[in-house]
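One structure below.
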Amino acid sequence: MAEKRKAKDLVIAIDGPAGAGKSTIAKLVAARLGLRYIDTGAMYRALTLKALRAGVDCADAGGLMELLAQSRFEFPVAKEPENPAVLLDGEDVSTLIRLPEVSQEVSRVAMVPEVRRELVHIQRELAAGGGIVMDGRDIGTVVLPEADIKVFLTASLEERARRRYLEMRQKGLPATLEEIKKQIATRDKLDREREVGPLQAAPDAICIDTTALSPEEVVDKIIQLCTEGREG
Ligand code: CDP
């Protein structure tokens, strides 16, 4: 920890592969500690949705940057903390950005260095006041390297696919377990192997394997880290 901050000003970074439980855990931790929650994956997903709608190729850096220059991302304080909304140019795209066609393409968009540079800049601005839980792939390493608490969540591929499948079914989105397993494995590979801001644990991150843990158990561990980190 760079310095001891008040609980309400804490900065918590949560990274990990698809389906490791990042957003579920981040939302619960934010609610318990009264912090804001920012889902950075939603920004990459929203830009991907915009590209698909505009017929811009998801690897076309120039086209993507043009779209990004005209994009506005908002994370309004949620009425239901378990369902935070993501607004793209004022439109609630929270469900649309989870569609399989967006998931299929998002890691290609996220590989484009210019896109990452711009989104990282926006993410740092969103976090500037502190009091935030942010989740993604590069939060502890690139976006908020000075975060008070860094957590890297993992789980087996089978368990991550199972969780994502249940989540999609619950939201009424089309999915089969096999397709999801294949898709998150492909996405993880692209995310791990890209040059800029790859998926990796920061050297000072606490790694938690959530395969056999309930969300509450993981949240308790993180809250404990926050308390320990603030003692002494
Ligand atoms: O929810 P899930 O873990 O499936 O993914 P997400 O957090 O919504 O992120 C979707 C995709 O955006 C990831 O697979 C990455 O390609 C990209 N992403 C990223 O590159 N950097 C981040 N900080 C967050 C997401």
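Side notes on the structure shown:
- Label point distance in nm, ARG32-THR186, each placed 7 Å from Cα along Cα→Cβ: 3.6
- Peptides 134-145, 204-215 ranked from most to least packed give 134-145, 204-215, packing being the mean of other C-beta atoms within 10 angstrom over each peptide's residues.
- Extent along the principal axes, Cα only, for segment 11-68: 41, 21, 17 Å, with the longest axis given first.
- Span from the segment 22-51 Cα centroid across to the segment 95-156 one, whole angstrom: 9
- FRET efficiency, 1/(1 + (r/R0)^6) with R0 30 Å, evaluated for LEU166 and GLU125 via beta carbons: 0.30
- Along its three principal directions, the equivalent ellipsoid of the chain from the Cα gyration tensor extends over semi-axes of 26, 21, 17 Å, largest first.
- Bins of 10 Å, starting at 0 and running to the largest distance - Cα pair percent for segment 1-117: 12, 41, 32, 13, 2
A short reminder: the numbers here are calculations on the coordinates, not readings from a lab. Since the structure is predicted, the reported quantities are computational estimates derived from the model, not experimental observations. For neighbour counting, all protein chains shown are included, and Cβ atoms are generated from backbone atoms with ideal geometry for every residue, glycine included.
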